[in-house]
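The values are calculated or read from the model by the stated rules, or taken from the named source; none is laboratory data. All values derive from a computational prediction rather than experimental measurement. Neighbour counts run over all protein chains shown; Cβ positions are idealised from the backbone, glycine included.
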Amino acid sequence: MATETRSKTFRVGYLTPARNLDPRTSWDVESSFVIRHVFETPFGNPYGSTDVEPHLFSGPLQARDGGSKVYEARVRPGIRFSDGSELTAQDVVNSLRTAPPIQDEAAVSVEGDRVVFALRRPNARLDLALSHYQCSVFKQDGKNLIGTGPYSIAESTPAHVKLRRNPHYRRPVAIEEVRFDTYEPDAQGRASRLIAALESGEVDLSLSLGRDDIDQVKGVRKSLLPGVSLAMLYLNCESPRLRDPRVRTAIARAIDRLPLAATSYANPLAFAASSLTPRPLGAADVDCTYDVEAALALLAQPGVHKPDVLTLRLPWGPRPYMPYPQRVGDLLAAQIGKLGIRVEFKPMASSSDFMKTSVEGSYDMTLAGWIADTMDPCDFMESNLASNRVPQSDNLAVSSNLGRLRSAEMDAAIDAFRGDRRAENLQAITRIADREVPLVPLMYGPASSVRSYRVTNFKPTSLWYVPIEELDVTD
């Protein structure tokens with residue numbers, strides 16, 4: 001009689017749902033974690049590293065004729081979609097032509113088994129752009145998209161996603177099934193249900209817990225590293241009450257980051273932010289001096305109209321860079337209140353509600369943040385500061401310019417830094433940000449992980465992603 005074998009299942013716990021698994025339009029980090037297991041990008045990060053290496057290409061990008069305007073790469077042979085069909089250069093081109101991170105960067109074409117990139121503007125690190133999950137390569141199968149990744153989608157609802165191993169994946173994969181389940185916070189905003197699921201062994205891995213909750217979980221392994229996310233207060237430059245940069249500067253001067261960080265972390269000095277980018281991406285420091293007297297003096301200048309009330313959007317749930325948004329919002333309201341400005345909260349019911357109001361611009365301020373999709377600091381600053389990243393219905397996937405800054409000067413500074421990473425080009429960006437104040441960096445987000453003792457081969461990383469195909473579980 002044959003011995004019965006039990007399939008290996010791996011369970012991931014979320015605090016908020018993964019709502020959109022289309023790599024072209026998805027933007028939330030929970031969905032991106034799933035997407036990265038179904039689809040592959042031309043370049044990706046070796047596990048445990050923040051470098052990039054070719055995934056779908058057989059080698060690095062090659063410049064034609066020794067120049068820097070046209071690059072090419074050959075598609076790696078033998079890669080197959082989950083339906084068994086072989087990946088071609090045309091498949092890669094078809095996907096990248098609609099990929100938001102590439103549309104502004106290069107025209108993409110196919111020549112035999114090579115993919116050719118003709119740059120629209122200088123880009124010193126096109127390979128980093130090609131590691132963005134929205135550069136995922138896919139093929140249409142009716143209404144569904146199929147990929148070449150280690151898993152394919154078996155079931156999908158916002159609160160529950162099940163993946164099955166891709167039988168055509170090019171490397172052995174130990175875990176046969178992956179489940180992503182949502183355990184929403186309780187009425188007090190605590191992750192009590194997710195903590196209980198981790199302690200009982202119902203969940204194998206979560207990257208969603210805040211520092212206080214991590215300290216509470218028992219019977220698990222834990223890690224905490226500097227992450228690639230940043231919590232920010234965005235000031236809507238298009239709001240009639242905030243059009244004067246002196247008013248925005250006054251609000252920035254009224255914000256004390258240390259107690260804000262203390263709402264979420266036991267060692268707030270390590271998390272209070274002063275840069276436009278997360279720490280692993282390098283420093284892009286801006287003037288964040290806390291000075292209420294200077295703020296009041298700005299508001300007292302001739303011609304300045306101090307608003308009596310400002311609206312503040314709150315995120316729909318805990319985020320990796322801000323585990324307790326209501327706490328942060330309450331303290332921000334108290335700090336801004338010292339200027340004689342009342343803050344009215346606009347809680348968002350869901351990520352869809354958040355994105356709808358982002359496109360409308362129907363707010364004064366937004367408490368939110370951004371998680372880096374690549375290790376390129378220019379990508380992070382472009383997402384949050386470039387004019388073409390003001391949220392619109394067709395650019396939500398790569399956009400977080402919730403300060404709605406539209407500045408040709410800033411756009412030129414970002415383009416200059418993308419082509420040449422000298423310090424003076426970076427300083428040009430920070431000088432404009434100091435003058436215009438479309439956002440205020442609040443606190444750095446850590447890369448936290450909580451995992452069961454049955455998980456093996458795990459390596460902590462700064463990225464909000466773990467390749468489950470590299471892991472195994474023991475019974």
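Observations on the structure shown:
- Some residue of segment 128-139 being over 21 Å from the mean Cα position of the chain (by Cα), without any contact (Cβ under 8 Å) to a residue 60 or more places away in the chain, in a strand (DSSP E or B) and surrounded by fewer than 23 Cβ atoms within 10 Å (Cβ to Cβ): yes
- Total residues in segment 50-109, condition among the polar types (S, T, N, Q), farther than 28 Å from residue 384 by Cα and surrounded by fewer than 19 Cβ atoms within 10 Å (Cβ to Cβ): 6
- The set of residues in segment 200-232 being of a type in the set (Gly, Ala, Ser), touching a helix residue (DSSP H, G or I) at 6+ places or on another chain (Cβ under 9 Å) and in a loop (DSSP other than H, G, I, E, B) consists of 208, 219.
- Pairs linking a residue in segment 159-184 that is more than 15 Å from residue 205 (Cβ to Cβ) and basic (Lys, Arg) to a residue that is at pLDDT 95 or above and not in a strand (DSSP E or B), with Cβ atoms under 6 Å and 6 or more positions apart or on different chains, are 165/173; 165/176.
For (1) within 24 Å of the chain's Cα centre (by Cα); (2) at pLDDT below 95; (3) not β-branched (Val, Ile, Thr), each residue gets a yes or a no:
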residue	(1), (2), (3)
208	yes, yes, yes
214	yes, yes, no
229	yes, yes, yes
245	no, no, yes
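- The condition (being assigned by TED's automatic domain parsing to the domain that holds residue 401, out of contact with any strand residue (DSSP E or B) (no Cβ under 9 Å at 6 or more places or on another chain) and not hydrophobic (A, V, I, L, M, F, W, C)) is satisfied by just one residue among 327, 319, 313: 327.
- Any chance residue 371 is of a type in the set (Val, Ile, Thr), on the phi < 0 side of the Ramachandran plot and modelled with pLDDT of 95 or more: no
- The residues in segment 441-475 that are among the basic types (Lys, Arg), closer than 16 Å to residue 179 by Cβ and within 22 Å of the chain's Cα centre (by Cα) can be counted, and the count is 1.
- Identity of the residue in segment 5-16, outside any strand (DSSP E or B) and out of contact with any Gly (no Cβ under 9 Å at 6 or more places or on another chain), that ends up modelled with the lowest pLDDT: 5
- Hey, residue 65 without any contact (Cβ under 8 Å) to a residue 40 or more places away in the chain and either assigned by TED's automatic domain parsing to the domain that holds residue 193 or assigned to a helix (DSSP H, G or I) (or both) or not: yes
- Listed by position, the strands (runs of 3 or more DSSP E) inside segment 270-382 whose residues that are buried (at least 22 other Cβ atoms within 10 Å of the Cβ) and not polar (S, T, N, Q) number at least 3 are 365-371.
- For segment 427-437, the condition holds for no residue, the condition being that it is touching a strand residue (DSSP E or B) at 6+ places or on another chain (Cβ under 9 Å) and surrounded by fewer than 18 Cβ atoms within 10 Å (Cβ to Cβ).
- Pairs with Cβ under 7 Å, 6+ apart, first in segment 197-218 and on the phi > 0 side of the Ramachandran plot, second surrounded by 16 or more Cβ atoms within 10 Å (Cβ to Cβ) and assigned to a loop (DSSP other than H, G, I, E, B): 201/452
- Set 152, 156: member being small (Gly, Ala, Ser), modelled with pLDDT of 95 or more, surrounded by fewer than 24 Cβ atoms within 10 Å (Cβ to Cβ) and closer than 30 Å to residue 194 by Cα: 152
- Selection within segment 406-426 - among the hydrophobic types (A, V, I, L, M, F, W, C), loosely packed, with under 14 Cβ neighbours inside 10 Å and under 23 Å from residue 274 (Cβ atoms): 423
- Of all residues in segment 80-113, those satisfying the criterion of being aliphatic (A, V, I, L, M), touching a helix residue (DSSP H, G or I) at 6+ places or on another chain (Cβ under 6 Å) and either assigned to a helix (DSSP H, G or I) or on the phi > 0 side of the Ramachandran plot (or both) are 96, 102.
- Filter result for residue 270 (assigned by TED's automatic domain parsing to the domain that holds residue 377 and more than 20 Å from the chain's Cα centre (by Cα)): yes
- Scanning segment 383-398 for residues that are out of contact with any Ser or Thr (no Cβ under 9 Å at 6 or more places or on another chain) and either closer than 22 Å to residue 312 by Cα or surrounded by 21 or more Cβ atoms within 10 Å (Cβ to Cβ) (or both) gives a single hit, 393.
- Residues satisfying the stated conditions in segment 43-83, i.e. under 19 Å from the mean Cα position of the chain (by Cα) and modelled with pLDDT of 95 or more: 43
- Residue check: residue 266 meets all listed conditions (1) surrounded by 14 or more Cβ atoms within 10 Å (Cβ to Cβ); (2) under 29 Å from residue 204 (Cα atoms) but one, namely (1).
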